[in-house]
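The values are calculated or read from the model by the stated rules, or taken from the named source; none is laboratory data. It should be emphasised that the depicted structure is a prediction, and the values quoted were computed from it without experimental measurement. Cβ atoms come from the backbone with ideal geometry, glycine included; neighbour counts cover every protein chain shown.
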Amino acid sequence: MKAIRKVRREPGLVIEDINIPPLQPDEILVKVEAASVCGTDLHIWKWDEWSQKRIKTPLTLGHEFAGTIVEIGSMVRSVAAGDYISAESHVTCGICFQCRIGTPHLCPETQILGVDRPGVFSEYAVIPEKIAWKNDRSLLPPKIATLQEPFGNAVFTVFEHEISSESVAILGCGPIGLFSVGIARAMGASAIYAVDISESRLALARRMGATAVFNPSGDDPTAATAKWLIDTNGGFGIDVVLEMSGAPSAIAAAFESVRTGGRVTLFGIPSKPITLDVAQKMIFKNLTILALNGRRIFETWYKTRWLLENKIVDLEPLVTHVIKMEQINDVMPAMARGEACKIVIDIAGGIADGR
């Protein structure tokens, strides 16, 4: 089968012919129809410092997909050949403290598809039965079904707050931030303010329902962002700020712009430690602060299904590129420049060509 692989410890990816992995009793073999590119895949393509420390080559990339089961192991009971599925990308141990108390998304032994074990950017993929998630093809075509895994991150983040009738700022309009705009709109936020340094991403934020957008490019993005948010919100601080970029200036702006007694969620991951005035910007403002990662397994998936199957949130505008496997190295630079949102790889050839 063909697969998108990292085979050398250097930038770039290759298409290789590899053998279909043998099937273990608790595993399933899936014919992959569509897969989508994550920021993690971008890090591996770049071969940045994180990738150099984490990734062991050779490795098949990818953890977001949709496809059809073609074979099951002898111990598999919950799914069958012919089922149309996606999957939770985190393979947890099931026996640690976190797993046993019902928080497997915090499992310290987690292995991630396409990072710690073979991924799904391939014509066929072998995954554990326990991470399979059944889809309804009549409601979720492959191009959208593959987005459930990353969309769940935004669902987890936004649903941690009661935001009906509240003002919401979303700092960072990558895919998770843009997903969050749509979810906040669906949940009845009174105003949604989106901030990013990419004009194309801000245009997508408007399409997803942002009330107003702002590009803070300049000498002091923290001060500019905080002033714009407060001015645009009628002179008041923001009720809920979702920091989705990890940029130090955006994190600082989150605490500058949130109202006293407001709420801040930190989801973006900074590339290095940052300094914050905890007393003035957190304690004396009586803030509620959440730091989140991933999503609840599988609780979040049920919310995700409801939002997408009922078209409460439409992700179609965020699929900016549909490509063949062989185009992966051609399109990654656009993602690196912030000119692409979700890139869907048409692995089985069932999605229309082009963007």
Going through the stretch 250-280 in order, the residues found to be surrounded by 14 or more Cβ atoms within 10 Å (Cβ to Cβ), out of contact with any strand residue (DSSP E or B) (no Cβ under 9 Å at 6 or more places or on another chain) and not hydrophobic (A, V, I, L, M, F, W, C) are E256, P270
Hey, could you check the stretch 89-112 for residues that are within 20 Å of P25 (Cβ to Cβ) and in contact with a helix residue (DSSP H, G or I) (Cβ under 8 Å, 6 or more places away or on another chain) and say which is surrounded by the most Cβ atoms within 10 Å (Cβ to Cβ)? T92
Just the residues that are in a helix (DSSP H, G or I) and among the aliphatic types (A, V, I, L, M), please, taken from the stretch 8-53. L42, I44
Wholly within the stretch 284-355, strands (runs of 3 or more DSSP E) carrying at least 1 residues that are under 22 Å from R207 (Cβ atoms): 319-323, 342-346
Could you check the stretch 124-148 and list, in sequence order, the residues that are in contact with a helix residue (DSSP H, G or I) (Cβ under 9 Å, 6 or more places away or on another chain) and of a type in the set (D, E, K, R)? D136, R137, K143
Which one is farthest from the chain's Cα centre (by Cα), of the residues in the stretch 214-248 that are of a type in the set (A, V, I, L, M) and in a strand (DSSP E or B)? I238
Quick check on this structure: which one of G119, G182 is at pLDDT 95 or above, within 30 Å of G261 (Cα to Cα) and crowded, with 20+ Cβ neighbours inside 10 Å? G182
Has the stretch 57-64 got any residue that is among the polar types (S, T, N, Q), free of Cβ contacts under 8 Å to residues at least 24 places away in the same chain and exposed (fewer than 14 other Cβ atoms within 10 Å of the Cβ)? no
